[in-house]
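Taken together, the values in this text are just the output of simple stated rules run on the coordinates, not laboratory data. From a predicted model like this one, the values you see are computed outputs, not experimental measurements. Cβ atoms come from the backbone with ideal geometry, glycine included; neighbour counts cover every protein chain shown.
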Amino acid sequence: SGGTAAADDLLCRRRRALAASYRLFYDEPVHLVRGDGCWLFDADGERYLDAYNNVAVVGHARAEVVDAMYAQAARLNTHTRYLSEPVVEYAERLLAHFPAHLAQAIFTCTGSEANDLACRIATSWTGRAGFIVTKNAYHGTTTATAALSPSLHADTPASVRTVAAPNPREEGAEAAGRFAADVTAAAERLHADGVGFAGLIVDTILSSEGVWAEPRGLLAPAADAAHAAGGLVIADEVQAGFGRLGDGMWGFARHDLRPDLVTLGKPMGNGHPISGVIGRRDVFDAFGSRERYFNTFGGNPVSAAVGLAVLDVIERDGLVAHAGATGAHMRAELTDLASRHPGIGDVRGSGLFLAVELADPETGAPASERTARVVNEMRRERVLISATGPSGNVLKIRPPLVFDAEQSVLLSRALDDALTATEA
Ligand code: PMP
């Protein structure tokens, strides 16, 4: 659709009406009007394979989710200051997917809100204000969570300390221990500076750090270090959660972490804004004895009905195992591509969260500019992905969990062509 008069007109109106902080994907923007499963359709009826949306986890416009949303909206939508079945049932159903020590839920509307609240709770529990995040982390849009997101800007306030994320490719077996030692040192500095250490917050797939899933247990020593230093561990599952990694519902479980608080978002409502914090009962009790938390929209009956419908589909269709199996196929195809394209430096990830790192075959330097060209070339072939990592040289492949083996073949063919088209 890009390039047509209608698309140009919409682009002009968008630039006039929407603030400058918005960014579009792709050199040639895509004007989408409809979705179905893993397919997206533009204004001209052209079909695109969606290999990037982890929000539409059970597929775009999934009937069970739309029907549940409509049925509850047609009956009643209020908030959590009335007794209401859906929010309680949803909390019970969700908590059944967590270890016993994570016993209660608070619902919010965005991942940022969930992280913001988790930090408030950690500050309230510890009586301290300092947090540790990884160097290229992203945790949200609010003032507090933007401060926890060094990938957005250069300056972080004195209450936030950054540590280099573990990089098992460069650091090998030392990665987990080095990361833990840095967390200990940063916590000691926070204590020494009088700020105090409240918690470590970590994205359990390290997405903006370039996607690091292996080895299992990678994050466990750092979590132990955070606990030893008197802080809480907050597992940010906004990207990794709800089965995406293909071997369980949560990234923290792969790493044998024992988080005190877990934050959820993106896929939770398949596009409907619902998020939440799952945590220890004693920690929530202490917070609740001091503060009332009321979120007008968080946990409303329509959101709860949507969350339940998403969970129903994930459970009934066995989407966690499906993500594991489809992801394994896709990974084998990508690894095969790597044997034919020397520009691929690494293929990694877990389940349907895969990463293809592009590097100069001679020098090993990050091929950032080529990565952007590959993403745009694939968009021209109507396969949608994006890039991530501190150098922007990691192709990020993160389709809806209903992605199938045939679609995986289409994706790897498009990537094969895009790599060939961007050689030299
Ligand atoms: N945490 C992580 C790891 C994320 O990727 C994001 C969103 N990209 C957020 C938090 C914030 O979520 P939201 O955009 O829903 O506020």
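Arrange the peptides 75-82, 383-390, 213-220 so that the one whose residues have, on average, the most other Cβ atoms within 10 Å appears first.
Ranking, from highest mean packing down: 383-390, 213-220, 75-82.
If you plug each phi of the range 298-311 into the Karplus form 6.51 cos²θ - 1.76 cosθ + 1.60 with θ = phi - 60°, what whole-Hz ³J(HN,Hα) values come out, in order, with x for Gly and Pro?
Values, residue by residue: x, x, 5, x, 5, 4, 5, 5, 5, x, 4, 5, 5, 4 Hz.
Listed highest first by mean packing, meaning other Cβ atoms within 10 Å per residue, what order do 285-297, 407-419, 333-345 come in?
My ranking of the peptides, most packed first, is 407-419, 333-345, 285-297.
When ranked by the protection proxy of mean other Cβ atoms within 10 Å per residue, highest first, what sequence do the peptides 12-22, 191-201, 304-314 form?
Output ranking for 12-22, 191-201, 304-314: 304-314, 191-201, 12-22.
Take Glu89 and Glu291, extend 7 Å from each Cα along the Cα→Cβ direction, and tell me the distance between the two endpoints in nm.
3.1
Can you list the residues of the range 36-56 with backbone N under 18 Å from a point 7 Å past the Cα of Glu28, pointing along Cα to Cβ?
Inside the label zone: 40-51.
Report relative contact order for the chain in percent, whole number only (criteria: Cα-Cα under 8 Å, sequence separation at least 6).
Relative contact order of the chain: 21 percent.
Once amide H atoms are placed 1.01 Å from N in the peptide plane, what residues at a sequence separation of 5 or more from Asp36, or on another chain, have their amide H within under 5 Å of its amide H?
His60
Expected output is a single nm value to one decimal: the length gained when fully extending between Arg13 and Ala405, i.e. 0.36 nm times separation in residues minus the C-alpha distance. What is it?
Length difference between fully extended and current span is 137.2 nm.
State whether the chain is rounded, prolate or oblate according to the following rule on the C-alpha gyration tensor (a ≥ b ≥ c being the square roots of its eigenvalues): a/c under 1.5 gives rounded; otherwise a/b larger than b/c gives prolate, and the remaining case gives oblate.
Since a/c reaches 1.5 but b/c is at least a/b, the shape of the chain is classed as oblate.
What distance in nm lies between label points placed 7 Å from Cα along the C-beta direction at Arg81 and Val66?
3.5
Taking neighbour Cβ counts within 10 Å as the exposure measure, how do His97, His153 sort from fewest upward?
His153, His97
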